[in-house]
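See below for the structure under consideration.
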There are 2 protein chains.
Amino acid sequence: MTARFFATPQDAAAAFYDALERADLDAMMAIWAEDEEVFCTHPNGARQTGFAAVRESWRQTFSIGPRASVRLSEQVQRLGILLAVHSVLEHYTVPGEETPRPPVIASNVYVRGAQGWHLLSRHASSAPGAVTADISATLH
Amino acid sequence: MTARFFATPQDAAAAFYDALERADLDAMMAIWAEDEEVFCTHPNGARQTGFAAVRESWRQTFSIGPRASVRLSEQVQRLGILLAVHSVLEHYTVPGEETPRPPVIASNVYVRGAQGWHLLSRHASSAPGAVTADISATLH
């Protein structure tokens, strides 16, 4: 795996959503901190702890191939010296599905190391109810 | 509201679970950072942003009064200089319920300010499936 350097948490976040949309497992795992105890919770899933378990969870997620595009809204960020937290609503669009899915609430924590900023943890869960009309900020 | 000083994220976390078990709204909100953009997602809930919205969500949660005790397991912590992240499984015991509930996965982020460490964000979601037998570490 090629280590990637991210100068800011925002750079790592942009690479994260790019890898997510492309269902690119290597690109996804290049964003996670290899030398930390990483952990990840997918919507309706158990918490996965450790790089190998997190990688396997993304391998399963990506096994059906790329199919969803994601837009972000209502982002809240807090930047520390060694850690940064991003909270965001993710709106997924899946081709062939007519009814929009409820957004996913995501809390992503980035950690700064010798190789720049990488993902330390992700906690994602489905928001209840219908999708709100207010999808303002997007990645694209 | 009386401002409380917490010297470490662990101190704030202990006070958080104490307030949670007692359903004490004032004690709960004394743990949250008043001067930050706080946000909170309860299990199966939408994300609440801002001190007033977070307070209202806890008021509703506590409106039925204290009834659950909580044990923690599989805690993962990462301490930064200004931020700290705690990920933990919360096991709730509700009197009168014979079947144990699935654990709650919680990601709590603490922030350091002039008044010590306080809760910046909480993301909680229900873990799927049955409760595991391995409840090792507890708060008590």
Practice task
Can you tell me the relative contact order of segment A:9-126? Whole percent, Cα pairs under 8 Å, sequence separation 6 or more.
Solution key: 27
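Please compute the net charge surrounding B:VAL104, taking Lys and Arg as +1 and Asp and Glu as -1 over other residues with Cβ under 13 Å from its Cβ.
Working: positive: A:ARG47, B:ARG71, B:ARG101, B:ARG122; negative: B:GLU74, B:GLU90.
In short, +2.
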Fill in the blank from the handout: For A:GLY80, other-chain or 5+-apart residues with amide H closer than 5 Å (H placed, Pro excluded) are A:VAL85
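How charged is the neighbourhood of B:SER57? Take every other residue with its Cβ under 13 Å from the Cβ of B:SER57, and add Lys/Arg as +1 and Asp/Glu as -1.
Working: positive: B:ARG47, B:ARG55, B:ARG59, B:ARG122; negative: B:GLU56.
Summing Lys and Arg as +1 and Asp and Glu as -1 gives +3.
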Handout entry: Under 14 Å, Cβ to Cβ, from B:MET28 - net charge with Lys/Arg +1 and Asp/Glu -1
Key = -1
Exercise for the section: With everything on Cα atoms, drop me the angle between helix A:51-62 and the longest principal axis of chain A, reported from 0 to 90° to the nearest 10. Expected result: 30
Practice task
Can you tell me the dipole magnitude for the protein assembly as shown around its Cα centre, using point charges on the Cβ only (Lys, Arg +1; Asp, Glu -1), in Debye to the nearest 20?
Solution key: 20
Fill in the blank from the handout: Under 5 Å from the placed amide H of B:GLY113, counting only residues 5+ away or on other chains, we find B:HIS118
Completion exercise
Counting other chain Cβ atoms within 10 Å of each Cβ in B:38-45 and taking the mean gives 3
Completion exercise
Sorted shortest first, the nm distances from the B:GLN60 label point (7 Å along Cα→Cβ) to its counterparts in the other copies are 3.1
Completion exercise
Ordered by fewest other Cβ atoms within 10 Å, a rough proxy for footprinting exposure, B:ASP18, A:ASP35 read A:ASP35, B:ASP18
Completion exercise
With the 8 Å Cα cutoff and a minimum separation of six or more residues, segment A:1-47 has a relative contact order in percent of 31
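Please sort by residue number the chymotrypsin sites (Phe, Trp or Tyr not before Pro) in segment A:2-32 whose DSSP state is loop and whose Cβ has at most 16 other Cβ atoms within 10 Å.
Values: sites: A:PHE5, A:PHE6, A:PHE16, A:TYR17, A:TRP32; in loops: A:PHE5.
Of the chymotrypsin sites (Phe, Trp or Tyr not before Pro), the ones in loops of segment A:2-32 whose Cβ has at most 16 other Cβ atoms within 10 Å are A:PHE5.
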Exercise for the section: Could you give the size of the charge dipole of chain A about its Cα centre, using +1 on the Cβ of each K and R and -1 on the Cβ of each D and E, expressed in debye and rounded to the nearest 20? Expected result: 100
Practice task
Please determine, in degrees from 0 to 90 and to the nearest 10, the orientation of helix B:9-22 with respect to the longest principal axis defined by the Cα atoms of chain B, where the helix direction is its Cα long axis.
Solution key: 60
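If you keep only loop residues by DSSP, which GluC sites (Glu not before Pro) in segment B:86-129 have at most 14 other Cβ atoms within 10 Å of their Cβ? Could you put the intermediate results ahead of the total?
Values: sites: B:GLU90, B:GLU97, B:GLU98; in loops: B:GLU97, B:GLU98.
Those that pass, being in a loop and sparsely packed, are B:GLU97, B:GLU98.
Every read-out reported here was derived from the displayed coordinates using simple, explicitly stated rules and does not represent laboratory data. Just so it is clear, the structure is predicted and the values come from calculations on it, not from any experiment. With ideal geometry, Cβ positions are generated from the backbone for all residues, glycine too; neighbour counts draw on all protein chains shown.
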